[in-house]
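The numbers here are math on the coordinates, done by the rules we state, and not lab data. Because the structure is predicted, anything quoted here is derived from the model rather than measured. Here the Cβ positions follow ideal geometry from the backbone for every residue, glycine too, while neighbour counts run over all protein chains shown.
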Amino acid sequence: MEQVLVSLEDQIERAVDLIRRAHYAVALTGAGVSTPSGIPDFRSPTSGLWEKDNPMVVASITSFRANPQVFYNWLRPLAELILYAQPNPAHLALADLEQRGLIKAIITQNIDGLHQKAGSRCVLEVHGHMRQATCIRCYKQVPANSLVARFLLTGEAPCCECGGVFKPDAILFGEQLPVRVLNRAIAEARRCDLLLVAGSSLHVVPAADIPFLAAENGANTIIVNLEPTDFDPRADLVIHGDVAEVLPRIVELLPG
Ligand SMILES: [Zn+2]
């Protein structure tokens, strides 16, 4: 109840205070950071990407191996959005925080690379990314940009010279997460004394586990998200707002 009574200004001041006092702050971001850049949350049934196919089925590693063209047909609109998307004020605010030494790393569930486009350097992409693709037969790795551009023109699943199909290095449902990145993310979560969760509803593991790992170490938690999360009752500060509005306001009030 108390949080309902607190104004957004007070909440932002509290966030500024928590960030200023932190020695090792880490951010955790999810789909909500990229929706203001026009990228839908493909796990959400309201994203428009569930109309024909259930992504849990079509974007699974099993269906990819069985019929990559069906996956690529589903991916096409999303890939186009990702290729041309630009960082929004939330990405820029997080990049600014890192540049000023106020956050040390970003753990992200997003595969769109927008944190890097915004200038963030230490980005741990626990669900992989779209910058590179790997042949599922011979494991040859290629940069994905020209591959994606060509695919958007032809609509055909990109093939390797060995005859195998290239799969983007984004992690599909049922696929193993990138172990080294994941371990690094877990280490950052255990090391931090402040976790800033932005635009994640914390429904999906491993993101859902990160605040608990941080809390075990006594870290404070700030959550900025439109929807409530399961971790809200344990967080030090919860701001139910738009990350693209709230994060820049926090950054503005921090010392340069
Ligand atoms: Zn190959």
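Values computed for the structure shown
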| quantity | calculated |
| --- | --- |
| Stretchable slack from H203 to V179, in nm (0.36 nm times residue separation minus alpha-carbon distance) | 6.6 nm |
| Distant alpha-carbon pairs in the chain (separation over 29 angstrom), percent | 31 percent |
| Choice from G32, G241, G174 showing the highest fluctuation, given a GNM over the chain with Cα pairs closer than 10 Å | G174 |
| Ratio of Rg to Rh over segment 27-147 (Cα coordinates, Kirkwood Rh, two decimals) | 0.99 |
| Per DSSP, loop trypsin sites (Lys or Arg not before Pro) in segment 112-210 with at most 16 further Cβ within 10 Å | R121, R137, K140 |
| Cut-off of 10 Å, at most 15 other beta carbons, DSSP loop: longest stretch of the chain lacking such GluC sites (Glu not before Pro) | 52-155 |
| For segment 77-155, the spread of Cα positions along each principal axis, largest first, Å | 42, 25, 17 |
| Sum of -39500 (n - 2.57) over DSSP H runs of 4+, divided by residues of the chain (222 nm, nearest 500) | -12000 deg cm²/dmol |
| Relative contact order, percent, segment 38-148 [alpha-carbon distance under 8 Å, six or more residues apart] | 17 percent |
| Degrees separating the helix 8-21 axis from the principal Cα axis of the chain, which is the longest one | 90 degrees |
| V70 paired with T154, simple spin-label distance in nm, labels 7 Å along Cα-to-beta-carbon | 2.2 nm |
| Contour minus Cα-Cα distance for V57 and R190 (0.36 nm per residue) | 44.6 nm |
